[in-house]
1. Using a probe radius of 1.4 Å on heavy atoms only, what accessible surface per residue do you get for the chain? Whole Å² is fine.
2. Find the centroid of the Cα atoms in the stretch 602-650 and in the stretch 400-430, then give the distance between the two in whole Å.
3. What full-extension length gain, to one decimal in nm, is calculated for residue 246 and residue 355 as 0.36 nm per residue of separation minus the Cα-Cα distance?
4. Test of understanding: what is the full-extension gain from residue 163 to residue 138, defined as 0.36 nm times their sequence separation minus their Cα-Cα distance?
5. Return the distance in nm (one decimal) between the two label points of a simple spin-label model at residue 393 and residue 470, each offset 7 Å from Cα along Cα→Cβ.
6. How much accessible surface does residue 101 have with a 1.4 Å probe, in Å² rounded to 10?
7. So if R0 is 30 Å, what FRET efficiency would residue 174 and residue 61 give, r being the distance between their Cβ atoms, rounded to the nearest 0.05?
8. Between residue 642 and residue 309, what is the FRET efficiency for a Förster distance of 60 Å, r being their Cβ-Cβ separation, to the nearest 0.05?
Amino acid sequence: MAIPASKKITELTIRGLVLGVLITVVFTAANVYLGLKVGLTFATSIPAAVISMAVLSAFKDSSVLENNIVQTVASAAGTLSSVIFVLPGLLIVGWWKGFPFWTSFWICAAGGVLGVLFTIPLRRAMVTTSDLPYPEGVAAAEVLEVGGQAREAAGGNAPPETREGLLAVVYGSIASAGLAIFGATQVMASEVTGYFRLGRGASGYDMSFSLALLGAGYLVGLSVGMAMLLGLLIAWAGAVPILTSLTPQGPAALGDFVTSEWYHKVRFIGAGAIAIAAIWTLTKLAGPVVRGTIATMAASRGKKHALDRRDVDMSPFWIGVLAVACLIVIAWLLQLFLAGTPLAGQTRTLVVTALPFIFIGGFMVAAICGYMAGLIGASNSPLSGVGILAIICCAVLLISVSYPDAAMRKPLVAYSLFITAIVFAIATISNNNLQDLKTGQLVGATPAAQQWALVVGVVAGAAVIPPVLNLLAQANGFVGAPRPPTALAQPLGAPQANLISALAQGVIEQRLEWQMIAIGCALGVVLVLLDEALGARKWLRLPPLAVGIGIYLPMSATLPVVVGAVIGHIYDLWANRRRDPEHAKRLGVLVASGMIVGESLFGVVLAGLVYFMATGAPLGLVPPDFPPAPIIGWISFGVLILLLYGWMMRRSMRQRTQPTHPGGRDAGS
């Protein structure tokens with residue numbers, strides 16, 4: 001039940017902002033690592049809400065609304081970190097050698113704050129009066145409401161449900177971090193890889209023992225998991241065998257040969273499919289977004305003096321001040337970037353060209369991403385597709401005002417990535433902001449308080465991203481980027497940054513696998529038609545974007561996600577037969593979130609060890625080719641999955657025998 005407007009209750013507090021910032025720091029570091037490794041990030045709202053309820057239960061005057069502010073601040077960690085899908089491209093194309101702190105900070109901060117501001121006029125149409133489902137926003141509100149009611153029934157102390165939720169996050173974190181540590185010793189293999197002949201061609205398999213990816217599979221669900229499996233089959237059972245049968249192997253080893261065909265050709269089929277899926281999604285959303293924006297503007301003119309605090313946004317004065325400040329910072333960043341480059345003589349033209357693209361394109365992106373997040377959730381929203389369209393539009397715009405001769409091509413590629421990074425920061429925050437506002441609407445929060453809280457979260461996340469990126473760049477490096485001498489660990493894939501960089505180079509330098517992209521576009525049309533047909537029959541849908549991602553990402557990054565989606569679906573089917581299925585599923589969400597956090601944080605710690613100890617295996621106890629390592633990996637992976645799901649099932653069955661708190665309600669009602 002939402003808090004009434006007339007009730008005075010603690011909401012925007014210093015302790016809530018501080019706790020939110022601390023959670024943001026941890027989750028941002030985890031998301032940066034996960035995103036660079038496999039191209040996925042996780043939503044942080046629900047685990048942040050659980051942690052907040054556990055910590056703030058020590059204060060008698062804490063409230064549901066204060067906990068909501070904490071999760072709003074912390075949710076910036078799950079979204080702003082997605083800027084790493086573009087920013088490492090500046091290293092990949094060889095323009096930057098590291099991430100300058102203040103430049104990177106202001107890219108994230110200015111773009112992120114604009115993302116918050118751009119979604120303010122969309123709130124009434126897309127949240128207040130909309131029937132969009134907002135799956136993550138509703139789930140976070142459910143967690144907050146159940147926790148608040150249980151705390152009231154427990155006399156103001158942390159109730160068992162809250163402690164249990166915190167335990168779920170902790171157990172998932174310990175398990176995934178422990179497995180990752182065991183893998184770092186090399187006693188256990190972190191993944192198993194093999195290549196084989198398939199007729200006249202060849203293919204391979206690559207399974208990583210990653211609980212983080214397994215948890216991501218649970219969170220994305222069966223539909224996305226099966227779509228990624230279809231993408232894997234198209235790539236590794238179709239395209240790779242066909243292309244390897246048509247291409248001479250030469251002196252290359254079979255593994256190198258197969259990997260080269262996938263990397264240089266097959267993944268661009270995935271890029272084409274992703275582009276078509278993104279265009280189709282944007283086409284479907286164009287009408288609702290325009291109508292929603294018009295309705296919002298009309299509502300704003302009709303309600304200049306809202307008396308209900310639950311319908312009060314940030315004041316127009318502060319919206320204007322922050323927007324102008326962000327645009328001034330962005331103009332300064334663009335001028336700073338161009339200074340000293342071959343493009344310096346065209347600074348005025350290029351800045352004047354870029355600013356409207358960032359502002360107008362950013363608003364369109366904010367509306368589109370906000371709508372998509374409301375429709376399918378922030379975690380499933382196709383940000384990569386938006387990034388692909390943004391970089392192509394930006395590159396085409398730049399070559400229309402600056403001829404890309406030999407000396408200008410590399411600077412133009414870098415400048416297009418720089419601009420797109422700012423637009424992407426806008427997209428990532430808008431992708432999340434409306435989800436937070438939906439949570440706030442359901443619990444009776446003040447929109448203005450949440451908007452200010454998210455600004456705080458953006459600034460905190462922006463301060464964390466550059467040093468974490470620098471650490472990972474120095475210790476691991478990125479696939480496709482020049483290898484620094486300090487990078488001794490395995491390079492991180494940075495799949496989206498590689499794709500977006502390749503597209504920028506393809507448009508400006510005219511050296512892209514257009515044939516493979518065209519095949520991918522044709523495949524994308526088929527996938528869109530298939531998905532629409534499945535939807536019309538009410539069957540399990542196969543989102544075209546997820547299929548394209550399954551083709552584009554390495555198998556080691558997608559196969560564990562598929563496994564996690566299948567196991568999670570089986571668990572959910574079991575949960576549906578319990579007395580309180582929502583309680584069981586909420587435990588699943590929290591354990592899965594913990595899996596992601598634990599392994600990702602250890603990845604950041606390991607990168608620090610690699611950098612400071614100057615060795616690629618600082619925890620290695622045996623040689624990397626230790627014979628029993630693969631078998632030990634399979635056993636360890638399987639045992640931890642059984643232990644975690646066994647704990648969740650036992651807790652869910654125990655809940656069945658516990659009475660509902662008086663004055664409250666069941667989580668599943």
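1. That works out to 38 Å² per residue.
2. Taking the Cα centre of each part, the stretch 602-650 and the stretch 400-430 sit 39 Å apart.
3. 34.6 nm
4. Full extension of this stretch gives 6.9 nm more.
5. Label-label distance for residue 393 and residue 470, simple model: 3.3 nm.
6. Looks like 80 Å² after rounding.
7. Efficiency, rounded to the nearest 0.05: 0.40.
8. 0.80
The values are calculated or read from the model by the stated rules, or taken from the named source; none is laboratory data. Just so it is clear, the structure is predicted and the values come from calculations on it, not from any experiment. Every residue, glycine among them, receives a Cβ derived from its backbone with ideal geometry; neighbour counts consider all protein chains shown. Please note that ligands, DNA and RNA were not included when accessible areas were found on the heavy atoms of the full protein model with its side chains. Shrake-Rupley method; radii C 1.70, N 1.55, O 1.52, S 1.80 Å.
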